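Q: Quick one: the structure is below, questions incoming.
The values are calculated or read from the model by the stated rules, or taken from the named source; none is laboratory data. For clarity, every value in this text was computed on a predicted model and none was experimentally measured. Using ideal geometry, Cβ is built from the backbone for each residue, glycine included, and neighbour counts are taken over all protein chains shown. Each accessible area value is taken on the protein alone, full model and side chains, heavy atoms only, with ligands, DNA and RNA left out. Shrake-Rupley method; radii C 1.70, N 1.55, O 1.52, S 1.80 Å.
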Amino acid sequence: MKGYEMSDTVTRLAQTQAAIARAARDFEREPDSVTLIAVSKTMPADAILPVLEAGQRVFGENYVQEAKAKWPGLKERFPDAQVHMIGPLQSNKAREAVELFDAIHSLDRESLAKELAREIGRSGKAPTLFVQVNTGDEPQKGGVSPSEIDAFLESCRVHHGLVIEGLMCIPPAEDPPSPHFALLAKIASKHGLRGLSMGMSADYEAAIQLGATHVRVGSAIFGARG
(Lines give C-alpha, C1' and ligand atoms only; values in the text may rest on other atoms or scores of the structure.)
Protein backbone atom coordinates (compact mmCIF):
# COMPACT_ATOMS: atom_id res chain seq x y z
CA MET A 1 0.00 0.00 0.00
CA LYS A 2 1.44 3.38 -0.97
CA GLY A 3 2.60 5.79 1.72
CA TYR A 4 0.04 8.47 0.98
CA GLU A 5 -2.75 5.91 1.03
CA MET A 6 -1.59 4.70 4.44
CA SER A 7 -1.56 8.29 5.65
CA ASP A 8 -5.08 8.83 4.31
CA THR A 9 -6.30 5.70 6.08
CA VAL A 10 -4.86 6.80 9.42
CA THR A 11 -6.39 10.26 8.95
CA ARG A 12 -9.81 8.74 8.22
CA LEU A 13 -9.45 6.50 11.27
CA ALA A 14 -8.81 9.53 13.49
CA GLN A 15 -11.76 11.37 11.95
CA THR A 16 -14.04 8.39 12.55
CA GLN A 17 -12.88 8.00 16.15
CA ALA A 18 -13.52 11.72 16.75
CA ALA A 19 -16.98 11.52 15.15
CA ILE A 20 -17.93 8.53 17.32
CA ALA A 21 -16.79 10.34 20.47
CA ARG A 22 -18.68 13.46 19.45
CA ALA A 23 -21.87 11.51 18.71
CA ALA A 24 -21.64 9.73 22.05
CA ARG A 25 -21.30 13.00 23.92
CA ASP A 26 -24.14 14.55 21.92
CA PHE A 27 -26.40 11.78 23.18
CA GLU A 28 -25.10 11.96 26.75
CA ARG A 29 -23.04 8.80 26.54
CA GLU A 30 -19.42 8.14 27.40
CA PRO A 31 -17.28 7.82 24.25
CA ASP A 32 -15.71 4.61 25.56
CA SER A 33 -19.17 3.00 25.72
CA VAL A 34 -18.99 2.61 21.92
CA THR A 35 -16.49 0.14 20.40
CA LEU A 36 -15.31 0.92 16.89
CA ILE A 37 -14.95 -2.21 14.77
CA ALA A 38 -12.73 -1.28 11.81
CA VAL A 39 -14.04 -3.52 9.02
CA SER A 40 -10.91 -4.84 7.36
CA LYS A 41 -12.52 -7.42 5.06
CA THR A 42 -10.81 -7.61 1.64
CA MET A 43 -7.93 -5.48 2.96
CA PRO A 44 -4.46 -7.05 2.86
CA ALA A 45 -2.29 -7.18 5.95
CA ASP A 46 -0.13 -4.27 4.80
CA ALA A 47 -3.24 -2.06 4.59
CA ILE A 48 -4.31 -3.04 8.12
CA LEU A 49 -0.87 -2.57 9.65
CA PRO A 50 -0.89 1.27 9.77
CA VAL A 51 -4.31 1.20 11.43
CA LEU A 52 -2.95 -1.15 14.08
CA GLU A 53 0.11 1.06 14.49
CA ALA A 54 -2.22 4.04 14.99
CA GLY A 55 -3.76 2.29 17.98
CA GLN A 56 -6.94 0.70 16.61
CA ARG A 57 -7.41 -2.74 18.15
CA VAL A 58 -10.81 -4.13 17.09
CA PHE A 59 -11.37 -5.29 13.51
CA GLY A 60 -14.15 -7.00 11.55
CA GLU A 61 -13.87 -9.74 8.95
CA ASN A 62 -16.48 -11.45 6.80
CA TYR A 63 -14.79 -14.70 5.82
CA VAL A 64 -13.05 -17.37 7.88
CA GLN A 65 -10.46 -18.22 5.22
CA GLU A 66 -9.51 -14.60 4.62
CA ALA A 67 -9.10 -13.95 8.34
CA LYS A 68 -7.10 -17.15 8.73
CA ALA A 69 -4.68 -16.01 6.02
CA LYS A 70 -3.77 -12.65 7.53
CA TRP A 71 -4.66 -12.32 11.20
CA PRO A 72 -2.43 -14.91 12.94
CA GLY A 73 0.62 -13.03 11.66
CA LEU A 74 -0.79 -9.63 12.60
CA LYS A 75 -1.70 -10.88 16.07
CA GLU A 76 1.86 -12.04 16.63
CA ARG A 77 2.88 -8.40 16.32
CA PHE A 78 -0.20 -7.00 18.07
CA PRO A 79 -1.34 -9.65 20.55
CA ASP A 80 -4.00 -7.37 22.04
CA ALA A 81 -5.79 -6.98 18.69
CA GLN A 82 -9.30 -8.42 18.50
CA VAL A 83 -10.92 -9.84 15.37
CA HIS A 84 -14.70 -10.03 15.12
CA MET A 85 -16.60 -12.23 12.65
CA ILE A 86 -19.31 -9.99 11.19
CA GLY A 87 -20.26 -11.93 8.05
CA PRO A 88 -22.42 -15.02 7.57
CA LEU A 89 -20.88 -18.10 9.21
CA GLN A 90 -21.30 -21.62 7.88
CA SER A 91 -21.86 -24.25 10.53
CA ASN A 92 -18.97 -26.33 9.17
CA LYS A 93 -16.63 -23.40 9.84
CA ALA A 94 -17.53 -23.23 13.54
CA ARG A 95 -14.32 -24.90 14.71
CA GLU A 96 -12.09 -22.48 12.81
CA ALA A 97 -14.26 -19.53 13.83
CA VAL A 98 -13.99 -20.32 17.54
CA GLU A 99 -10.23 -20.67 17.13
CA LEU A 100 -9.79 -17.45 15.15
CA PHE A 101 -12.30 -14.89 16.37
CA ASP A 102 -12.67 -12.98 19.61
CA ALA A 103 -16.35 -12.31 18.83
CA ILE A 104 -18.98 -13.66 16.43
CA HIS A 105 -21.79 -11.30 15.44
CA SER A 106 -23.74 -13.57 13.08
CA LEU A 107 -25.21 -16.40 15.15
CA ASP A 108 -28.59 -16.90 13.51
CA ARG A 109 -29.71 -20.53 13.44
CA GLU A 110 -29.95 -23.70 15.49
CA SER A 111 -27.35 -25.67 13.54
CA LEU A 112 -24.76 -22.96 14.08
CA ALA A 113 -25.62 -22.63 17.78
CA LYS A 114 -25.14 -26.39 18.16
CA GLU A 115 -21.75 -26.37 16.44
CA LEU A 116 -20.51 -23.30 18.30
CA ALA A 117 -21.51 -24.86 21.63
CA ARG A 118 -19.67 -28.05 20.68
CA GLU A 119 -16.50 -26.21 19.71
CA ILE A 120 -16.56 -23.91 22.74
CA GLY A 121 -16.88 -26.96 24.96
CA ARG A 122 -14.11 -28.81 23.12
CA SER A 123 -11.59 -25.98 22.91
CA GLY A 124 -12.31 -24.04 26.08
CA LYS A 125 -12.32 -20.83 24.01
CA ALA A 126 -15.46 -18.72 24.26
CA PRO A 127 -15.80 -15.89 21.76
CA THR A 128 -18.27 -13.15 22.58
CA LEU A 129 -21.55 -14.02 20.83
CA PHE A 130 -24.10 -11.75 19.20
CA VAL A 131 -27.32 -13.05 17.64
CA GLN A 132 -28.09 -11.51 14.27
CA VAL A 133 -31.67 -10.29 13.93
CA ASN A 134 -33.21 -9.82 10.49
CA THR A 135 -35.15 -6.72 11.51
CA GLY A 136 -36.58 -6.27 8.02
CA ASP A 137 -37.49 -9.94 7.54
CA GLU A 138 -35.57 -9.88 4.26
CA PRO A 139 -35.60 -13.36 2.68
CA GLN A 140 -32.15 -12.93 1.10
CA LYS A 141 -30.48 -11.92 4.35
CA GLY A 142 -29.30 -13.93 7.33
CA GLY A 143 -30.64 -13.35 10.81
CA VAL A 144 -33.45 -14.47 13.06
CA SER A 145 -36.89 -12.99 12.46
CA PRO A 146 -38.05 -10.66 15.25
CA SER A 147 -41.06 -12.95 15.63
CA GLU A 148 -38.76 -15.90 16.41
CA ILE A 149 -36.05 -14.22 18.45
CA ASP A 150 -37.51 -15.01 21.88
CA ALA A 151 -37.54 -18.75 21.21
CA PHE A 152 -34.11 -18.69 19.58
CA LEU A 153 -32.45 -16.87 22.47
CA GLU A 154 -34.00 -19.31 24.93
CA SER A 155 -32.72 -22.24 22.88
CA CYS A 156 -29.21 -20.77 22.73
CA ARG A 157 -29.11 -20.29 26.47
CA VAL A 158 -31.02 -23.29 27.78
CA HIS A 159 -30.44 -26.03 25.18
CA HIS A 160 -26.94 -25.10 24.01
CA GLY A 161 -25.57 -23.39 27.12
CA LEU A 162 -24.32 -20.40 25.17
CA VAL A 163 -23.65 -17.02 26.74
CA ILE A 164 -25.17 -14.35 24.49
CA GLU A 165 -23.69 -10.88 24.85
CA GLY A 166 -25.99 -8.99 22.51
CA LEU A 167 -27.73 -8.58 19.17
CA MET A 168 -26.65 -7.46 15.71
CA CYS A 169 -28.61 -6.13 12.73
CA ILE A 170 -28.11 -4.82 9.21
CA PRO A 171 -31.16 -2.72 8.27
CA PRO A 172 -32.61 -2.99 4.76
CA ALA A 173 -30.67 -0.71 2.41
CA GLU A 174 -33.83 1.10 1.26
CA ASP A 175 -35.22 1.78 4.76
CA PRO A 176 -34.37 4.57 7.21
CA PRO A 177 -32.13 2.74 9.68
CA SER A 178 -33.32 4.27 12.95
CA PRO A 179 -36.55 2.23 13.34
CA HIS A 180 -34.50 -0.95 12.89
CA PHE A 181 -31.94 0.19 15.47
CA ALA A 182 -34.77 1.04 17.86
CA LEU A 183 -36.35 -2.40 17.36
CA LEU A 184 -33.02 -4.13 18.05
CA ALA A 185 -32.55 -2.06 21.22
CA LYS A 186 -36.07 -2.95 22.38
CA ILE A 187 -35.49 -6.68 21.88
CA ALA A 188 -32.12 -6.49 23.65
CA SER A 189 -33.63 -4.65 26.60
CA LYS A 190 -36.40 -7.23 26.91
CA HIS A 191 -33.83 -10.00 27.21
CA GLY A 192 -31.33 -8.19 29.39
CA LEU A 193 -28.67 -8.06 26.68
CA ARG A 194 -26.09 -5.28 26.88
CA GLY A 195 -24.49 -5.53 23.44
CA LEU A 196 -25.91 -3.80 20.37
CA SER A 197 -23.86 -4.30 17.22
CA MET A 198 -25.45 -1.87 14.78
CA GLY A 199 -24.48 1.01 12.55
CA MET A 200 -22.04 1.18 9.64
CA SER A 201 -20.18 3.94 7.81
CA ALA A 202 -23.32 5.76 6.62
CA ASP A 203 -25.45 5.52 9.75
CA TYR A 204 -23.35 4.86 12.85
CA GLU A 205 -24.26 8.19 14.45
CA ALA A 206 -27.96 7.24 14.37
CA ALA A 207 -27.03 3.87 15.85
CA ILE A 208 -25.10 5.52 18.67
CA GLN A 209 -28.12 7.69 19.44
CA LEU A 210 -30.18 4.52 19.87
CA GLY A 211 -27.69 2.69 22.06
CA ALA A 212 -25.12 0.97 19.83
CA THR A 213 -22.24 -0.53 21.78
CA HIS A 214 -20.39 -1.68 18.65
CA VAL A 215 -20.34 0.11 15.29
CA ARG A 216 -18.92 -1.59 12.20
CA VAL A 217 -17.13 0.96 10.02
CA GLY A 218 -15.22 0.00 6.89
CA SER A 219 -15.31 2.38 3.93
CA ALA A 220 -15.15 5.51 6.11
CA ILE A 221 -11.72 4.25 7.29
CA PHE A 222 -10.26 2.12 4.51
CA GLY A 223 -11.99 3.79 1.55
CA ALA A 224 -14.23 2.17 -1.03
CA ARG A 225 -13.55 -1.49 -1.76
CA GLY A 226 -12.45 -2.36 -5.25
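Q: Checking Q56 against (1) at positive phi; (2) within 19 Å of the chain's Cα centre (by Cα), which single condition isn't satisfied?
A: For Q56, the failing item is (1).
Q: Got a sec? Which of G226, G161, G211 is modelled with pLDDT under 95 and in a loop (DSSP other than H, G, I, E, B)?
A: After applying the criteria, what remains is G226.
Q: So, one more: From the list E148, E174, exactly one residue is over 22 Å from V34 (Cβ atoms), part of a loop (DSSP other than H, G, I, E, B), open to solvent by 50 Å² or more (accessible area, probe 1.4 Å) and not aliphatic (A, V, I, L, M). Which is it?
A: Unique residue meeting the criteria: E174.
Q: Would you please list the contacts, defined by Cβ atoms under 9 Å and residues six or more apart or on different chains, that run from a residue in the range 177-194 that is in contact (Cβ under 8 Å) with a residue 24 or more places away in the chain and closer than 12 Å to A212 by Cα to a residue that is assigned to a loop (DSSP other than H, G, I, E, B) and acidic (D, E)?
A: S178/D203; F181/D203
Q: Still on this structure: Does any residue of the range 10-25 turn out to be open to solvent by less than 50 Å² (accessible area, probe 1.4 Å), part of a helix (DSSP H, G or I) and over 23 Å from Y204 (Cβ atoms)?
A: No: zero hits.
Q: Among (1) of a type in the set (A, V, I, L, M, F, W, C); (2) open to solvent by less than 20 Å² (accessible area, probe 1.4 Å); (3) under 22 Å from A67 (Cα atoms), there is one condition L100 misses while meeting the rest; what is its number?
A: (2)
Q: Being assigned to a helix (DSSP H, G or I) and either touching a strand residue (DSSP E or B) at 6+ places or on another chain (Cβ under 7 Å) or of a type in the set (G, A, S) (or both) is the filter here, so list the residues in the range 177-194 that pass it.
A: Correct list: S178, A182, L184, A185, I187, A188, S189.
Q: Write out, first by first residue and then by second, each pair whose Cβ atoms fall under 8 Å of each other, whose residues are 6+ apart or on separate chains, and whose first residue, in the range 103-125, is over 16 Å from G161 (Cβ atoms) while the second is modelled with pLDDT under 95 and open to solvent by 80 Å² or more (accessible area, probe 1.4 Å).
A: none
Q: Only one residue in V51, V98, V83 is in contact with a helix residue (DSSP H, G or I) (Cβ under 8 Å, 6 or more places away or on another chain), hydrophobic (A, V, I, L, M, F, W, C) and outside any helix (DSSP H, G or I), so which one is that?
A: Criteria check complete, one pass: V83.
Q: Moving on to the next point. Out of all the residues in the range 166-189, is one or more acidic (D, E) and under 25 Å from S91 (Cβ atoms)?
A: no
Q: Look at E53 and say whether it is closer than 21 Å to Q17 by Cα and buried (at least 22 other Cβ atoms within 10 Å of the Cβ).
A: no
One line per residue, one yes/no per condition, for (1) in contact with a Ser or Thr (Cβ under 9 Å, 6 or more places away or on another chain); (2) closer than 24 Å to A117 by Cβ; (3) among the polar types (S, T, N, Q):
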{"site": "G161", "(1), (2), (3)": "no, yes, no"}
{"site": "F181", "(1), (2), (3)": "yes, no, no"}
{"site": "S197", "(1), (2), (3)": "yes, yes, yes"}
{"site": "M200", "(1), (2), (3)": "yes, no, no"}
{"site": "D203", "(1), (2), (3)": "yes, no, no"}
{"site": "R216", "(1), (2), (3)": "yes, no, no"}
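Q: Among G142, G161, which is open to solvent by 20 Å² or more (accessible area, probe 1.4 Å) and in contact with a Pro (Cβ under 6 Å, 6 or more places away or on another chain)?
A: G142
Q: Inside the range 184-226, can you point out the residues that are open to solvent by 20 Å² or more (accessible area, probe 1.4 Å) and polar (S, T, N, Q)?
A: Selection gives S189, S201, Q209, T213, S219.
Q: Taking the condition farther than 20 Å from H214 by Cα, at pLDDT 95 or above, open to solvent by less than 20 Å² (accessible area, probe 1.4 Å) and not aromatic (F, W, Y), does S155 pass?
A: Yes; evaluated as a whole, the condition is true for this residue.
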